[in-house]
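Encoded as structure tokens, the structure appears first; notes follow it.
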Amino acid sequence: MTNEEYNICVDLYADNIYRFVLKHIRNIDAAKDIVQETFTKVWVKHEKVDYSKAKSYFFTAAHHTLIDLVRKEKYKTDIESQNLPVEDLGMKNIDLKVKLDHALNQLSDIQKSLVLLRDYEGYGYDEIGEITNLNESQVKVYIFRARKKLKDILVSVEAVLD
């Protein structure tokens, strides 16, 4: 990939990568750091990256950087203090958003990543497989199980009564 192609990719994918990471970890500063680190990692190897597969490469790098951070943060005791508070926007759907976020946070890291890539970012199973180094059937199974778990969480009596 040339310098120009790299710059085009940064323009095209920066917002999508940021949204993906932010939705996963809900920490603005950490999300910005991960995006920056992703672009740095790709820049170091940009000459070896095929431009036609750049989108996949960028998201793969972001996914791996995100997973590294999540693993590192699991060992810290103050991880809960890094979540952003939900702002009162005066919207009727704010409770739904809180419940969806709560349900997503109950998924395993890989399930959460796959659901966000598929349902939030709109990637195909094959693209998700490239990003996460899973085969397409594994991606489908993980997403199926994650959606089933989300359904169970969201239709539980406790979720309805909250």
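Only the coordinates and a few stated rules stand behind these numbers; no lab work does. Keep in mind it's a predicted model, so treat the numbers as computed, not measured. Methodologically, a virtual Cβ is constructed for each residue, glycine included, from the backbone with ideal geometry; neighbour enumeration extends over all protein chains shown.
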Please list, in order along segment 105-115, the HN-Hα scalar couplings obtained from phi with the Karplus expression 6.51 cos²θ - 1.76 cosθ + 1.60 (θ = phi - 60°), rounded to whole Hz, x for Gly and Pro.
5, 8, 7, 5, 4, 5, 5, 4, 4, 5, 5
Dividing the convex hull volume of the Cα atoms of segment 1-84 by its residue count, what figure in Å³ per residue is obtained?
78 Å³
Quick one: net charge around PHE39, please, counting Lys, Arg +1 and Asp, Glu -1 for every other residue with C-beta under 12 Å from its C-beta.
0
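Structure shown: which of LYS97/LYS151; LYS41/LYS140; LYS23/LYS97 lie over 19 Å apart, alpha-carbon to alpha-carbon? It would help to have the intermediate numbers written out before the result.
Working: LYS97/LYS151 15 Å; LYS41/LYS140 28 Å; LYS23/LYS97 12 Å.
Pairs exceeding 19 Å: LYS41/LYS140.
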Where the centre of each part is set by its Cα atoms, how far does segment 1-76 sit from segment 108-128, in angstrom?
15 Å
Full-stretch length increase - ASP119, SER52 - with 0.36 nm per residue and alpha-carbon distance subtracted
21.8 nm
